[in-house]
Each structure stands twice: as structure tokens, then as C-alpha cells.
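Notes to accompany the following structure.
No lab work stands behind these numbers, since they all come straight from the coordinates. In this text the structure is predicted, and so the values were computed from the model without any measurement. Cβ coordinates were reconstructed from backbone atoms using ideal geometry, including for glycine residues, and neighbour counts include every protein chain displayed.
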Amino acid sequence: MLKAAYYEGNRRVRVGECKPIEPAPGQVQIKVSHCGICGSDLHMFHGAMDHRFRVPHVFGHEMSGTVHAIGEGVGGFAPGDHVTVRPLDPCGACPACRAGHSHVCQRLKFIGFDAPGALQTLWTVPAHTLHRLPQSLPLEKAALVEPVAVACHDVRLAEVKNGEYVVVQGGGPIGILIALVARHAGARVTLTEVNPFRLKLARDLGLEAINPREIDPVNYVNEHTETAGADVVFEVSGSAAGAETMTQLARVRGRIVVVAIFSAAPKVDLFRFFWRELRLLGARVYEPQDFEQAIALTASGALPLDRLISEVSPLEAVQSALERLGSGGEVMKILIRCGE
Ligand SMILES: [Zn+2]
Ligand SMILES: [Zn+2]
């Protein structure tokens with residue numbers, strides 16, 4: 001049977017029959033192999049996106065799969081090709097799109113929330129979202145390309161250079177991936193995280209990781225930089241404490257990148273921006289080149305990605321996966337097997 005995971009509202013996910021959609025001109029139908037569950041899916045599960053779709057809604061956007069059927073006018077792909085999807089569908093006409101920033105289109109459709117997602121056997125998407133995967137890259141691991149692309153985008157926007165000192169606040173999947181990509185770029189990285197399971201995993205990956213409730217990160221960074229501060233601070237914790245310390249951690253002319261989604265406006269020390277001539281950057285999703293870099297990095301084996309995968313489970317486990325993620329369970333990345 002072709003299956004799909006349907007979010008039905010009220011923290012319920014039901015597994016039901018997948019209703020395949022024939023690819024229209026310009027579309028491709030993919031046989032989904034694996035799909036990761038992430039923090040955004042958890043937001044949705046908690047009801048924060050109920051205004052963006054009608055239930056029942058198929059979600060999921062961190063996927064890998066093979067091309068199954070091709071719509072009219074689509075070139076460059078053949079059935080059986082391994083692919084992943086950059087789940088952005090920009091309007092192409094708004095001022096942001098016209099200025100070349102279609103990844104943050106003013107009417108951006110994020111596929112998986114604003115359109116049906118990947119947690120199903122057969123998934124039809126616009127062909128422009130496809131990126132080819134090397135056949136040598138296992139499809140299970142390839143489901144991590146999307147979150148790795150987030151990290152590549154963040155590190156690229158921050159212009160992290162070899163030899164720089166980077167602090168990452170928050171050690172969930174994205175924080176850890178930013179730390180790994182920044183380290184790969186030659187930076188020295190310190191990660192701060194309060195959850196003991198995540199701290200241990202970060203240390204197992206060879207990352208320098210501290211608990212800010214035990215060690216004051218500002219003192220720590222000052223001690224390790226002859227009081228200069230960090231070249232780059234990534235705020236991925238989304239916490240009030242993180243918003244307060246990010247300005248304390250950055251050196252003169254340092255860069256601060258806000259990656260976390262703050263649902264309420266946090267307190268930020270603007271004096272520090274003036275005093276140290278700091279730069280603040282926002283980083284939201286990714287551009288095609290970030291996906292290409294993420295595919296190359298994932299395929300190269302340069303990052304210890306396998307250790308981030310806590311479990312690989314069938315579609316029937318989506319509900320419990322979201323519940324465990326929501327209750328701070330001892331899981332990092334949960335992958336769902338969408339194929340038979
Ligand atoms: Zn995600
Ligand atoms: Zn647009």
C-alpha cells in the first residue's frame with residue numbers, strides 16, 4: 001500500500017493511504033526513501049502553523065528519494081535518479097525575488113507546510129526544487145542534506161574563515177551541524193548547550209561543548225581569546241539567555257548570526273553593537289549553492305553525520321517521534337522510512 005503521514009491537528013498524526021498526484025508540466029513525482037523530522041515539524045505538531053494549511057495535511061521536508069515519473073517539459077532527470085528537494089517555492093515576482101533573493105521571497109511557499117510534504121510514498125513537486133544526489137550516497141544519509149544545507153548557508157553568510165573562533169549557542173541538530181561545518185571550514189568552535197544528552201553527543205563528535213549553567217560562557221570565551229571575544233557567534237538556542245549573551249561573546253567588529261526562531265521579541269543589548277561595532281545577520285533557509293555544498297559534504301564523509309541519526313523508523317512512528325522530540329527525549333535526528 002502507498003502510505004502517507006497526515007497531521008490532523010490537536011497533536012495527532014495518522015498514517016493513511018497516499019493519494020499520488022500525476023506530475024503536471026514542470027513537475028516531478030518522487031518515490032520518497034527517507035524523511036527527517038525537525039524542530040519546524042514539532043512547531044507544526046504543536047499547532048503553530050494551523051493557519052498555513054487545511055488538515056489532514058501531509059508534512060515533511062528533509063528527504064531523499066528516486067525520480068518516479070516526470071511531467072512534460074522537464075529535462076535533466078530520468079526515472080531512478082537519486083534526488084533531494086530544496087523545499088522552497090518562491091513567487092518569482094515580488095521585490096525580494098526580483099532582487100535575486102527568491103529563497104526569502106515575500107510570498108515564499110515552504111513545501112511541507114504551505115504545500116504537501118514528503119512523508120508519503122509518492123510525492124509530486126516542482127522540478128526546479130530538485131538536486132541530484134550521487135548514486136554512491138546512501139539515501140538514508142542523504143535525508144540529512146537539507147539540515148546540512150541550513151548549516152552551510154549560515155556559515156557562508158557569516159563568512160567564517162580558517163583560524164577564526166566561533167561560538168554556537170544551542171546544540172540541537174542545527175547547532176551541531178553549524179559547529180561541524182564551521183570546524184570543517186577551519187574554525188575553532190565552542191558549543192554551548194544545557195541538555196546533558198546533547199552535550200555528551202557534541203563531545204562524542206569531538207566538539208568543545210560547555211554547559212552555560214555550569215561554566216559562564218563569557219568568561220570562558222574571554223579566557224580563550226585573551227579577552228578579545230569570538231569572531232562569530234551563532235544564536236541557535238532561541239532562548240532569552242542566548243539573546244543576552246550573544247552580544248557579550250562577540251569581539252570588536254564580530255558577527256552575530258541569528259538562526260533560531262524567536263516567537264517573542266527577546267531583550268538584546270544594543271549598546272554592545274554600538275560599542276564594539278558588531279554586525280547582526282539573520283539566516284533563514286538556504287540557496288541552491290548551499291544545497292550543492294551540503295550534498296558534496298554529506299557524500300564526502302567529512303562530517304560525522306551518521307552519529308546524529310538517533311533512529312530510523314517506519315511512518316507509523318511519526319507520532320511518537322514528535323512526542324519524544326517535544327518532551328526533550330534523548331533523541332537527536334529521527335529519520336522516517338517512507339518506502340516499502
Ligand atoms: Zn527542517
Ligand atoms: Zn517572491
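Quick notes
- Where both bridge residues fall in the chain, DSSP classifies roughly 55% of the beta bridges as antiparallel.
- Our compactness index for the stretch 159-282, the C-alpha radius of gyration over the empirical 2.2 N^0.38 Å, is 0.95.
- Note on the chain: Lys pairs 8 or more places apart or on different chains, Cα atoms under 21 Å apart, count 6.
- Efficiency of FRET between Ala78 and Ala228 - r from beta-carbon atoms, R0 56 angstrom, step 0.05: 0.55
- Euclidean distance between Cα centres, the stretch 4-33 to the stretch 176-224, Å: 38 Å
- Given charges at Cβ of Lys, Arg, Asp, Glu: the chain dipole, positive-most of Ser300, Val15, Ser136: Val15
- Which of Ile261, Met246, Ala230, positive extreme of dipole for the stretch 159-282 (C-beta unit charges): Ile261
- Size estimate for the stretch 209-324 follows the Kirkwood approach: the inverse of mean 1/r over distinct Cα pairs works out to 17.1 Å.
- With 5 Å bins from 0: P(r) over the stretch 64-200, alpha-carbon pairs, percent: 2, 9, 14, 15, 17, 16, 14, 8, 3, 1, 0
- Max mean-square fluctuation residue, GNM over the chain, Cα-Cα springs under 10 Å, options Leu207, Leu315, Leu180: Leu207
- Note: the stretch 5-96, Cα convex hull, 137 Å³ per residue.
- Normalised per residue, the volume of the convex hull around the Cα set of the chain (Å³): 135 Å³
- The chain: angle of helix 288-300 to the longest principal axis, Cα-based, in degrees nearest 10: 90 degrees
- The stretch 51-66 and the stretch 104-149 have their alpha-carbon centroids 10 Å apart.
- Within the stretch 12-83, the GluC sites (Glu not before Pro) that combine a DSSP coil assignment with at most 10 other C-beta atoms in a 10 angstrom radius are Glu72.
- Residue among Val232, Val150, Val194 with the largest mean-square fluctuation in a Gaussian network model of the chain, springs linking Cα atoms under 10 Å: Val194
- Taking Cα centre as origin and charging only the Cβ of basic (Lys, Arg, +1) and acidic (Asp, Glu, -1) residues, the dipole magnitude of the chain rounds to 380 debye.
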